[in-house]
Amino acid sequence: MTEPSGVSGDAPGPAPEAGGRRDAVWLITLWIILSVVGCVLVYVVWGPHLPPGDASSSASSQQFDFRILGTIATPVVVGVLLYFGWALAFWRQKPGDETDAAPIHGNARLAVTWITVTGAIVLFLAAFGTYELITPAGAGAGQGPQPIWKPAGTVTSSETSWVPGGKNILQVQVIGQQWAWTYRYPQFGGFETTQLELPVNEPVQFNVTSLDVIHSFWAYQLGVKADANPGINNVAYTTPTSTGTFVVRCAELCGIWHGAMFNYGKVVTSGQFMIWARLTRTQLASVTRLLPPYALTYDPTDISDLGKVNTELGLTGAGGGYYNPADPEQP
Amino acid sequence: MSLPARVTTLVIAFLAVVAGGIFVALHFIGSQPPTEDYTPYASGGQVNVTLMTTAQSTVGQKPDWVSYFIQDPKTKQWVHTTYFAVPENTTVNVTILGYDGCTPLRNPLWGRVTGTAGNVENVSYFNGKKYSNPVNISTFDSYADCSVQHTFAIPGLGVNVPVASVTTLNENNNLCGTSPCTAANGTADAPHTVVKFSFKTPDGTGTYQWQCFVPCGLGYVDGNGGPMGTPGYMMGQLEVQA
């Protein structure tokens, strides 16, 4: 005859159901208290310090997402750790005790509650995540050449001029190449520079492309990340909301100096930006006239104004060249 | 075989595999070109560094690859490397002997000289017979003139120097065919340029990557493989020391 589960042969002790109920009460009570405290700490104390910060509309949105996700995850983490610790502390096997634990039978109410709660959480996260990918204006991610979600109230009324405070969005072209970022400002004569400077509280449209391999433009503190593909214009939006510096990194392994492919951008006041843009336009005029006309993508093999020597040598801006597979002199 | 013997064999085999892996990593993956240390040769807040570009690297395992060489400050011999060290807070006077032919820049922006004293480079052309008068140049139009062979760029310091090239078809057909290009092997008089410029090292130690922005990896996709991505050829490292 089988002994009652959880009761060892000669060891009289508390009835397992009573002990289990008492533990359950303690565990649930502690879990609720710790979860409430933990949620408050995660959202209110830790939340404002979560990456990528709040230096732009997209960064703030991402930080808010992390705060929500972190807060939702807190009761789960607390529950797992609490149960784990409780088991270690109170449910340790006693010396000589080789009996099995109490069998668990089906519990329809528990199963329904579990499925309902976890299902609701997952569905909420799916809806929340989808919504947050859309707002604000694509959440700082590259949307391809024809973006769907644009900053509210902005238009592209002019690609050749821009003034602060208007509805015309500021356009900045991001050009990746092994191993440096350069930036082109079509609304300021199309000058190209290694410095990325942006006005605060003005929506910005990044047109991201590459001259060679695939890179990824990652303006970390701005919460902007968009792949830079050769021959493709990848559009991303953000609105810087505070002045300061931010880091730009390449987030796509692009060659041996990939790790060195970074520089720093700056967010300044609108007035400072206008002064910088006009000054830089003047300073770079001599090299701007050598650049190809502003376009959303560039083809280094198609240069319209190659000189005589280049033409006779059969050279373009692409360099390299391919060996015929039959050529015995392979690289 | 006893249990201790089996355990010992297993441990030895495991250690042999680990040691082999470490050897491969250090010998093949982690190997670096030698570093030419110019720091002891600095004086008065200045140091002179001399480099050379060649259309090939006949001293290396990849004879078809374009390459930089650095002159050893002590022996004056040309060393097949792109790693060198200079002191901090020092004016580095660089001379580049450019023996390669021209290739247009992928991005004409790199035709502008930046980060050097006066944002210019001083260029003298040698056509095989005589040197031209040196001139200061601030911007090259490599599409119109095919006037650039490589660049010497240190993005971390804002330094970008297009290395001027000889420009005519005839001179391109008479480039130095052996590297390094020296009087000893009779190639020093091949058409070339002498490019001089100065830049200041930062007030503090650090390691800075430098590279060529001309897509000069012949035979590789977009010209960016091969010598463009291999230390010792068209990219290297500048060590700023205390």
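The values are calculated or read from the model by the stated rules, or taken from the named source; none is laboratory data. Since we're looking at a predicted model, the values are computed, not measured. Here the Cβ positions follow ideal geometry from the backbone for every residue, glycine too, while neighbour counts run over all protein chains shown.
Some values worked out for this structure:
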| read-out | value |
| --- | --- |
| Count of segment B:51-97 residues which are small (G, A, S) and closer than 24 Å to B:V159 by Cα | 3 |
| Subset tally (residues that are aliphatic (A, V, I, L, M), within 14 Å of chain A (Cβ to nearest Cβ) and not in a strand (DSSP E or B)) for segment B:98-140 | 4 |
| Conditions (1) under 19 Å from B:L51 (Cα atoms); (2) buried (at least 20 other Cβ atoms within 10 Å of the Cβ); (3) within 14 Å of chain A (Cβ to nearest Cβ); number of the one not met by B:Y143 | (1) |
| So A:T160, is it away from chain B (no Cβ under 14 Å) and either basic (K, R) or surrounded by fewer than 13 Cβ atoms within 10 Å (Cβ to Cβ) (or both) | yes |
| Out of A:G138, A:G176, A:G142, sole residue that is under 21 Å from the mean Cα position of the chain (by Cα), surrounded by 13 or more Cβ atoms within 10 Å (Cβ to Cβ) and either at pLDDT below 90 or basic (K, R) (or both) | A:G138 |
| Number of the condition not met by A:L196 [criteria: (1) aliphatic (A, V, I, L, M); (2) farther than 15 Å from A:A277 by Cβ; (3) in contact with a Lys or Arg (Cβ under 8 Å, 6 or more places away or on another chain)] | (2) |
| So A:V267, is it at pLDDT 95 or above, within 14 Å of chain B (Cβ to nearest Cβ), over 19 Å from A:P147 (Cα atoms) and assigned to a strand (DSSP E or B) | no |
| Evaluation of B:V113 against (1) out of contact with any Asp or Glu (no Cβ under 9 Å at 6 or more places or on another chain); (2) modelled with pLDDT of 95 or more (one fails), failing number | (1) |
| Residue within segment A:215-225 that is away from chain B (no Cβ under 14 Å), in a strand (DSSP E or B), crowded, with 21+ Cβ neighbours inside 10 Å and over 17 Å from the mean Cα position of the chain (by Cα) present | no |
| Residues satisfying the stated conditions in segment B:109-144, i.e. out of contact with any strand residue (DSSP E or B) (no Cβ under 8 Å at 6 or more places or on another chain), without any contact (Cβ under 8 Å) to a residue 60 or more places away in the chain and farther than 19 Å from A:A285 by Cβ | B:K129, B:K130 |
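Conditions (1) assigned to a loop (DSSP other than H, G, I, E, B); (2) within 24 Å of B:H80 (Cβ to Cβ); (3) at pLDDT 90 or above, marked per residue:
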{"site": "B:F152", "(1), (2), (3)": "no, yes, yes"}
{"site": "B:N174", "(1), (2), (3)": "yes, yes, no"}
{"site": "B:S198", "(1), (2), (3)": "no, no, yes"}
{"site": "B:P202", "(1), (2), (3)": "yes, no, yes"}
{"site": "B:T207", "(1), (2), (3)": "no, yes, yes"}
{"site": "B:W210", "(1), (2), (3)": "no, yes, yes"}
